[in-house]
Amino acid sequence: MPVRSRHRRPTRPAATAGALLLAALLGLAACDTPVEQAEAHYRRALALLAEGDGTRAALEFRNVLRIDDGHAAARLAYAGLLRDRGDPGAALDQLTRLVEVDPKNLAGQRELATLALEVGDLDTAAVAAAEATAIDPSDPEARAVKATLDFRKGGAARAAAVAMAEAVVAEAPGSVPAQMVLVADRLAAGAPAAALARIDAALVHAPGDEGLHLARLATLDVLGDDAGTGAELARMAGLFPDNAAVRAALVDWHLGRDDPDAAEAVLRQAAGDGEAGGDPAPALTLVRFLNEVRGPAAARTELDRLAAAAADPTPFARARAALDFAAGDTGAAIAAMRRLVAEAPASDAGRDLEAGLAGMLAETGAVAEAGTLLETVLAADRDHVGALKLRARLALDADRPEAAVQDLRAALAQAPGDAGALTLMALAYERQGARELAGEQLARAVEASDRAPAESLRYAAFLMQEDRAGPAEAVVVDALRRAPEDPELLAMLGEIHLARRDWARAGQVAALLAAAEDPAAQAAGAGIETRRLAGEGRGDATLALLEARAGDGSDAAALAALVRARVAAGDAAGARDDLDRVLARDPENPAARLLLAGLDAAAGDAAAAEAGYRALVAEAPGFPPAWAAWAGFLAATGRGAAAAAALDQGLAANPGEPELMVARAGIAEAAGDRDGAIALYEALYTRDPGDPVVANNLASLIAATRADPESLERAFGIARRLRGSEVPPFQDTYGWILHLRGDSAQALDYLGPAAAALPGNAEVQFHRAEAEFALERWEAAKASYDRALAAAAAGSPLPAAETARSRLAAIAATPAPSHSATHGQDTDPKAKSGSH
């Protein structure tokens, strides 16, 4: 059922409030006994509440309760204040304490039952409602809560709950919980029109209840009344001007009807003129809208106008700097932030600016200066959430997940619902190899963000990595209820259906994506549909769809998929015909030319392939895949030095291109230049320390190349995220590093599965053998060394082949059963691997 809105308690007129306040002040001065003092603080609290000063009223209520813990009226009023200020947890604590001290307090039990129901604490609500009805069986509000709880039970209890709610409404038609029971009953019966009539009748008695309006909005949606939905959203925007979610829904409604002007008008009305004293949040929401819908120029113009009109232009100047930074004008943005920081006083707002500047500096590589600025912020406020989060991110980038966890715990202590901090915590746990803890934090981030798309996608991807497609689907479906047209959520749902081989539902998702206006969404839908048809074994339909997608060759991915499908079906000639048709229309098409050279190479026509690759890299040097394929061709034909030179040329034309850097590192490693390969992976890792493949390769190379303790610890720090992985190369890397650190027994938990999965990889077999040798498992070690040498003889690289042979000789010379004399010559796994 929709959450019931909070009811504000009536305040006295201002003149009466002033008289009360004066009387309370005079009375307080004359008090002698604790009871009199408590009562005077209570009267002062009520007067301050009437004046609208909730902050000082709260202080006075606490003074009352410090003197007289059993002052029921003060505790009840204080709970109401906390509830109205948006802190239901604290209000619930106060009400719980009230009924503990005075269990027969009807108002306390009734308020506790109502609030517990609102926050979803059904057990507490049930107990309090039972107590309230026991005190006064006729109390309408207590009966309404009981009816709500009974309705949830279903069965016979539901019918009785509806009867009780009807009786309550007859006595007290303004009882929102009772009205909600009757609305839910009509909806459950499949009668949304009757539910709408019931809501409208209830609104006559409680026209300002937000929960009833939300129920009306949901019911109109069920009825498919689009115009009614828009009208209700407009009505709610007027009734609840502080509800940003309602305003956002109204904006989306207008945008869904291709009316950006009306959407902008809604936001402008909420933003006002950006003059002094107002909340800048609505104006900044308008700026974000303008940036997304009208473009950055319109957003900048609006920010300049707002800054000129505002008494404090800082929020708008900061937003302008952020806009410039996102647009790539990082120098101007950082300069603007430096000016704001220099002009800001030492305050929370000033520290926010310093943290924002530190974030920009970190993004542009000035990590040391960013770190210094963060330390300044945290020295003044050790609980600054933004600074703690940024320092944690920098710690993660530096492979210090423990430090990140410490900072994030401090941040979450201040802001337990910060989805960004929870996501960073998940990443920190993942870097430590604690995937279960990482998953828990990702789930919390989804809840904290109210199932926002980004957090939901992140958690769903994590669950898919764990082969938990069912829970992943539930996460995505929940998110789609809030963002039903989000293309990324729909694409993820399609991927999940494909993974579960649920071809029918995958087709439904593909159709939804195909109907979207976004070309990227359409492409995702076509990709899902192609894989669905292939999964169903409908080869002809798959080819037909790929042909339609490939079209004139503008969709390079579709063209490549078509060529692969033709070749897989044994129709290389058909693939060539497809490419010839594309090239006849567009002779310069780089994707088609690249695929054609690949077909020539696969057909054994090395001369044609080489000519094609050479011409392509000469004429399209800014097309990285061509350089990668050309280098791969050269390496495959035994020209490693030429391949390295080609990649160097490609990187000169495409600086920092990851695909080419990875290929160049592979060439360097194959040529024995492991230091050169490490340097390339270090650059990639600095750019994206979250890439598991880069992390694996870097850790593996460091462990294989450098034997000093510091390097080994660095490799372990990078590789810890691989703990628990079921990817064989990752298992080999992590297991080998464990062995080098002296934990050969645990290493075998990873090296064994890796070796079983990669029987033709000589180095992986050697790693397993070394761990077995260290544990004196002679027969197993001998078998593993034999497999390593056999794989090496078949062409798999094994730099430590001589070490493997010497180990076999040592095993052969070792007498059974203890083998201690021979093994004692070389017991340190690190020493044994030194020749590797």
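Tabulated values for the structure
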item: Cα lying deepest toward the dipole's positive end in the chain, options 359, 712, 241, charges on Cβ; result: 712
item: Relative contact order of region 353-446, defined on C-alpha pairs under 8 angstrom at six or more residues apart (%); result: 20 percent
item: Accessible area of region 229-369 divided out per residue, in Å², using a probe of 1.4 angstrom; result: 50 Å²
item: For the chain, size of Cβ-based charge dipole, Lys and Arg +1, Asp and Glu -1, in debye; result: 880 debye
item: Prolate/oblate/rounded call for region 129-210, Cα gyration tensor, a/c under 1.5 rounded; result: oblate
item: Within region 182-230: Cβ-based charge dipole about Cα centre, in debye rounded to nearest 20 (Lys, Arg +1; Asp, Glu -1); result: 160 debye
item: Listed residue (132, 159, 94) projecting farthest to the positive dipole end of region 55-169, Cβ model; result: 159
item: Whether the chain is rounded, prolate or oblate, judged on the alpha carbon gyration tensor where a/c under 1.5 counts as rounded; result: prolate
item: Carbon/sulfur fraction of accessible area - the chain, other protein chains in place, 1.4 Å, %; result: 54 percent
item: With Cα atoms, 0 to 90° folded angle of helix 226-239 axis to the chain main axis; result: 60 degrees
item: For region 437-488: accessible area per residue (Å², 1.4 Å); result: 50 Å²
item: Those residues of region 771-798 whose amide nitrogen sits under 18 Å from the label point placed on residue 743, 7 Å along Cα→Cβ; result: 771-772, 774-775
item: FRET efficiency for residue 500 and residue 326, using Cβ-Cβ distance with R0 set to 45 Å, rounded to 0.05; result: 0.75
item: Net lengthening on full extension, residue 100/residue 308 (0.36 nm per residue, minus Cα-Cα); result: 69.3 nm
item: Added length on full extension, which subtracts the Cα-Cα distance from 0.36 nm per residue, residue 134 to residue 814; result: 236.3 nm
item: Nearest-0.05 FRET efficiency for residue 608 and residue 554, computed from C-beta distance (R0 30 Å); result: 0.75
item: Cβ-derived FRET efficiency at R0 60 Å, residue 297 paired with residue 62, nearest 0.05; result: 0.70
item: Distance (nanometres) between label positions extended 7 Å along Cα→Cβ at residue 234 and residue 544; result: 4.7 nm
item: Cα point-scatterer Debye curve for region 371-524, base-10 log of I(q)/I(0) at q = 0.12 Å⁻¹; result: -0.59
item: Signed unit charges on C-beta, dipole axis of the chain, positive-most listed residue 582, 679, 813; result: 813
item: Accessible area expressed per residue, region 498-563, with surrounding protein chains retained (probe 1.4 Å, Å²); result: 49 Å²
item: Region 212-262 - percent relative contact order, Cα under 8 Å, separation 6 or more; result: 25 percent
item: Kirkwood Rh, angstrom, region 569-647 [1 / mean 1/r, Cα pairs]; result: 12.8 Å
item: Distance between region 134-178 and region 291-321 - C-alpha centres, whole angstrom; result: 52 Å
item: Two-site label geometry, residue 191 and residue 474: point separation in nm, points 7 Å out along Cα→Cβ; result: 3.3 nm
item: Relative contact order (percent, whole number), the chain, Cα cutoff 8 Å, 6+ residue spacing; result: 3 percent
item: Residue 779-residue 279 pseudo-label distance in nm [points 7 Å out on the Cα-to-Cβ vector]; result: 7.5 nm
item: Region 279-335 shape via C-alpha gyration tensor axes, a/c threshold 1.5; result: oblate
item: Sites excluded, trypsin sites (Lys or Arg not before Pro) in DSSP loops with at most 13 other C-beta within 10 Å, longest stretch of the chain; result: 502-836
item: Descending principal axes extents, region 617-669, alpha-carbon based, whole Å; result: 25, 20, 14
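The values are calculated or read from the model by the stated rules, or taken from the named source; none is laboratory data. Predicted, not measured: the structure shown is a model, and the values here were computed from it. Every residue, glycine as well, gets a Cβ built from its backbone with ideal geometry; the counts of neighbours run over all protein chains shown. The accessibility values were calculated without ligands, DNA or RNA, using every heavy atom of the protein model including side chains. Shrake-Rupley method; radii C 1.70, N 1.55, O 1.52, S 1.80 Å.
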